[in-house]
Amino acid sequence: MNKKIKILQGNCIDKIKELEDNSIDCVVSSPPYFGLRDYGTDEQFGLEKTYQDYLANTVKVFETFKPKLKDTATIWWNVGDSYNSTNGFCRNKGKYKRPGRDGGSNDKKLIKDNIVKEKDLLMIPNRVAIALQEAGWYIRSEIIWHKPNPMPESVKDRPTSCHEKIWLITKNKKYYYDADAIKEKTITFDSNIRDRDTTKLNNTPGRSKMGGLKENNYLTKNKRNVWTVTTKPFRGAHFATFPKDLIEPCIKAGCPENGIVLDPFGGAGTTGIVSALNNRNAILIELNPEYIKIAEDRIEKELGLFI
């Protein structure tokens with residue numbers, strides 16, 4: 001393995017501008033979620049006053065890296081949700097702090113204007129996708145990350161949340177996607193011959209004849225859009241990290257070998273590690289120098305690479 005992982009320290013908007021145009025094959029990232037965590041750094045993403053500001057900043061990040069992407073590039077964007085609550089976000093400068101599960105935002109103006117109500121689920125992932133779609137991006141897939149071991153919640157008036165969303169987004173309608181690289185094994189198959197001409201579907205008046213599957217003898221199937229991946233603890237940091245199993249399919253399907261993967265919110269460096277393990281290069285951007293040190297130590301330990 002001789003892949004390069006480059007880490008840039010600073011605001012992602014500024015650092016993205018330094019990248020070469022038409023050089024990035026794939027973006028894989030999990031930006032800070034709206035109103036859920038204070039990472040103790042000025043200019044941090046996710047602590048906007050309103051979710052509208054969060055959406056605007058997300059679109060701005062996308063527009064900044066757009067010229068840096070190849071025409072065939074894919075973007076895999078993990079977004080979590082939050083609730084509107086008068087408890088609000090507990091800001092504690094310089095220290096990691098998070099509110100209760102129903103304390104993601106404290107936007108009293110939105111409550112007053114009846115845009116959202118107290119305890120409303122803000123629907124941030126969907127709003128992000130719609131905002132990007134309206135900005136001209138292609139929303140190609142809504143992937144559900146099912147967590148079998150979610151964070152416990154003490155709520156008694158709704159089910160416990162056990163999923164997040166990953167959006168597959170592109171700048172063009174044609175793009176690089178290696179479906180074979182992430183195909184799954186079939187559970188069952190048979191050799192029965194199916195005569196499509198006898199089905200009701202093919203005998204509906206005015207409907208074109210349909211071909212397709214006649215014999216279900218395939219050993220693999222296309223990857224579905226619900227991915228069951230357990231969350232993994234990481235002792236080296238007090239913030240959430242990407243599970244490697246979650247982003248490996250994104251990189252295998254969305255970036256050709258020897259290509260370049262960008263993570264504008266590099267965190268603990270998981271995107272870089274998975275990229276290198278799968279024969280891809282990576283560029284990570286991280287605002288907090290402390291997290292860069294964590295990422296560098298982790299990359300050296302797991303890959304033997306010195307950054």
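Tell me, please, whether a residue that is surrounded by 24 or more Cβ atoms within 10 Å (Cβ to Cβ), assigned to a loop (DSSP other than H, G, I, E, B) and on the phi > 0 side of the Ramachandran plot can be found in the stretch 248-264.
Taking every residue of the stretch 248-264 in turn, none turns out to be surrounded by 24 or more Cβ atoms within 10 Å (Cβ to Cβ), assigned to a loop (DSSP other than H, G, I, E, B) and on the phi > 0 side of the Ramachandran plot.
Can you pull out the residues in the stretch 241-255 that are touching a residue at least 60 places away in the same chain (Cβ under 8 Å) and touching a strand residue (DSSP E or B) at 6+ places or on another chain (Cβ under 9 Å)?
Phe242, Leu246, Ile247, Pro249, Cys250, Ile251, Ala253, Gly254, Cys255 - these are the residues of the stretch 241-255 that are touching a residue at least 60 places away in the same chain (Cβ under 8 Å) and touching a strand residue (DSSP E or B) at 6+ places or on another chain (Cβ under 9 Å).
Checking Asp102 against (1) farther than 21 Å from Thr241 by Cα; (2) modelled with pLDDT of 90 or more, which test does it fail?
It is condition (2) that Asp102 fails.
Considering only the stretch 202-247, state which residues are loosely packed, with under 13 Cβ neighbours inside 10 Å, of a type in the set (A, V, I, L, M), in contact with a Lys or Arg (Cβ under 8 Å, 6 or more places away or on another chain) and modelled with pLDDT of 65 or more.
Within the stretch 202-247, just Leu219 meets the criteria.
Here's a check for you: in the stretch 146-190, which residue that is closer than 14 Å to Thr220 by Cα and small (Gly, Ala, Ser) is surrounded by the most Cβ atoms within 10 Å (Cβ to Cβ)?
Step by step, filter the stretch 146-190, then rank; the result is Ala181.
Ile292 versus (1) touching an Asp or Glu at 6+ places or on another chain (Cβ under 6 Å); (2) free of Cβ contacts under 8 Å to residues at least 60 places away in the same chain; (3) not hydroxyl-bearing (Ser, Thr, Tyr): which is the lone unmet condition?
Failed condition: (2).
Would it be correct to say that Gly272 is in a helix (DSSP H, G or I) and crowded, with 24+ Cβ neighbours inside 10 Å?
Here the answer is yes, as Gly272 does meet what is asked.
Condition first: in contact with a strand residue (DSSP E or B) (Cβ under 8 Å, 6 or more places away or on another chain), modelled with pLDDT of 95 or more and within 22 Å of Ile251 (Cα to Cα). Now tell me which residues in the stretch 16-37 satisfy that.
Ile16, Leu19, Asn22, Ser23, Ile24, Asp25, Cys26, Val27, Val28, Ser29
The values are calculated or read from the model by the stated rules, or taken from the named source; none is laboratory data. Please read these numbers as outputs of a predicted model, since none were measured by experiment. Virtual Cβ from ideal backbone geometry, glycine too; neighbours counted across all protein chains shown.
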